[in-house]
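The values are calculated or read from the model by the stated rules, or taken from the named source; none is laboratory data. Because the structure is predicted, anything quoted here is derived from the model rather than measured. Neighbour counts are summed over all protein chains in view; Cβ atoms, including those assigned to glycine, are modelled from backbone coordinates with ideal geometry.
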Amino acid sequence: MKDIIRKARADDLPELRKLARNTIDKSYRSFLRDEGLDNYIFSGESDNEIKNNIDNCCVFLKDGSIAGFTLYSEDLIRLIMVDEKFQRSGIGSELLAHAESQVRAYGADLMRVHIFERNRHAVSFFRDRGWTPAGRDMDRELNIPLLLFEKRARD
């Protein structure tokens with residue numbers, strides 16, 4: 001079966017939520033406090049983020065199963081999640097390229113993404129793909145610093 005990226009559907013929500021919870025639990029503990037992380041996962045906030053943005057969500061299907069997904073909006077890459085067993089396989093790069101093309105289709109001149117400052121893998125991932133640091137912010141719920149990265153949409 002061929003790997004594909006397609007728009008997410010409402011019936012994908014349970015699998016997307018499960019993938020997000022597992023990825024956050026396994027990949028974010030190294031740089032987020034356990035209490036804040038557990039609150040985010042178990043409060044339903046992660047689930048709601050996906051549900052509220054399902055119209056701007058694309059999934060990566062590997063052998064017919066969801067291996068990753070991305071959320072985006074007019075000028076913002078909101079989220080890229082890749083199942084732990086497929087990380088560093090190129091799926092994240094394909095999802096980012098797809099999300100960038102969707103943001104360009106909105107007509108944005110500049111694309112943005114917020115990254116947890118201590119998420120060294122994500123910082124390197126975006127930097128290696130032509131994104132540049134453009135400022136700092138704070139995630140007020142988790143009380144943790146964020147980096148703002150930007151990339152010109154029209155190069």
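Rundown of residues vs (1) more than 26 Å from R136 (Cα to Cα); (2) in contact with a helix residue (DSSP H, G or I) (Cβ under 9 Å, 6 or more places away or on another chain), yes/no style:
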site	(1), (2)
K2	yes, no
K26	no, yes
R29	no, yes
N56	no, yes
A67	yes, yes
I91	yes, no
L95	no, no
E100	no, no
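Scan the stretch 11-21 and give yes if some residue there is surrounded by fewer than 14 Cβ atoms within 10 Å (Cβ to Cβ), closer than 28 Å to T132 by Cα, out of contact with any strand residue (DSSP E or B) (no Cβ under 6 Å at 6 or more places or on another chain) and not polar (S, T, N, Q), otherwise no.
Taking the stretch 11-21 and keeping what is surrounded by fewer than 14 Cβ atoms within 10 Å (Cβ to Cβ), we get 11, 14, 18.
Okay, now just the ones that are also closer than 28 Å to T132 by Cα, so none.
No, the conditions are met nowhere in the stretch 11-21.
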What pairs come up if the first residue lies in the stretch 88-117 and is within 14 Å of R152 (Cβ to Cβ), the second is among the aromatic types (F, W, Y) and part of a helix (DSSP H, G or I), and their beta carbons are under 9 Å apart, counting only those six or more places apart or on different chains? V113/F126
Quick one: in the stretch 69-92, which of the residues that are assigned to a helix (DSSP H, G or I) and more than 11 Å from the chain's Cα centre (by Cα) is surrounded by the fewest Cβ atoms within 10 Å (Cβ to Cβ)? K85
Please work out which one of (1) in a strand (DSSP E or B); (2) more than 25 Å from A153 (Cα to Cα) is the condition F60 fails and give its number. (2)
Any chance you could count how many residues in the stretch 98-113 are among the β-branched types (V, I, T) and either loosely packed, with under 15 Cβ neighbours inside 10 Å or at pLDDT 95 or above (or both)? 1
Flagged pairs (Cβ under 7 angstrom, 6 or more apart or on separate chains; first in the stretch 12-23, of a type outside the set (A, V, I, L, M); second surrounded by fewer than 15 Cβ atoms within 10 Å (Cβ to Cβ)) are N22/E84; T23/E84
Any chance you could count how many residues in the stretch 114-147 are surrounded by 14 or more Cβ atoms within 10 Å (Cβ to Cβ), in contact with an Asp or Glu (Cβ under 8 Å, 6 or more places away or on another chain) and under 16 Å from R78 (Cβ atoms)? 5
Scanning the stretch 1-60 for residues that are among the aromatic types (F, W, Y) and under 13 Å from the mean Cα position of the chain (by Cα), the one modelled with the lowest pLDDT turns out to be Y28
Among the numbered conditions (1) surrounded by fewer than 19 Cβ atoms within 10 Å (Cβ to Cβ); (2) touching a Cys at 6+ places or on another chain (Cβ under 9 Å); (3) of a type outside the set (F, W, Y), tell me where I50 comes up short. (1)
